[in-house]
Amino acid sequence: MSGERKKLIINYQNVSPELMEAIRKKYPLGWVNHTIKVKTVGEAFFFAITVDTDDASYLIKVPVKIDNKSEKDDEDFFEETPDVKEGGDNYEEEEERDTDKE
């Protein structure tokens, strides 16, 4: 049993410089797209990344910003956006005026 690696959960803010180097090595392009959602008691959860070293397996809690925008917000945006067709008609009218000048 002494040959098994320890399993540790730590916060990203408490990562040692050595562990930070292991994170950079595993995720050279960044870890944002590699987060996992870890469920805890009840409906609670946190996001984390994993990193293994020779002596331990780490689950590192990372900060994640969640987009709380609803579909209703999208609908409001599209209702307020001017119709592209309106802009196209104006362009054609300008084009016709330019040809009249020649």
Report task. Could you tell me whether any residue of segment 9-26 is modelled with pLDDT under 90 and loosely packed, with under 13 Cβ neighbours inside 10 Å? Result -> no
**Report entry** Exclusive hit being out of contact with any Pro (no Cβ under 7 Å at 6 or more places or on another chain) and at pLDDT below 90, set 3, 30
**Finding:** 3
Query raised in the report: Can you pull out the residues in segment 20-44 that are without any contact (Cβ under 8 Å) to a residue 24 or more places away in the chain and under 17 Å from the mean Cα position of the chain (by Cα)?
Result: 27, 28, 29, 30, 32, 33, 34, 36, 37, 38
Report task. Would you please name the residue that is farthest from residue 55 (Cα to Cα), looking only at residues in segment 11-44 that are in contact with a helix residue (DSSP H, G or I) (Cβ under 8 Å, 6 or more places away or on another chain) and of a type in the set (A, V, I, L, M, F, W, C)? Result -> 31
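The values are calculated or read from the model by the stated rules, or taken from the named source; none is laboratory data. The model shown is predicted, which means the values in this text are computed figures rather than measured ones. We place every Cβ from the backbone using ideal geometry, glycine too, and count neighbours over all the protein chains shown.
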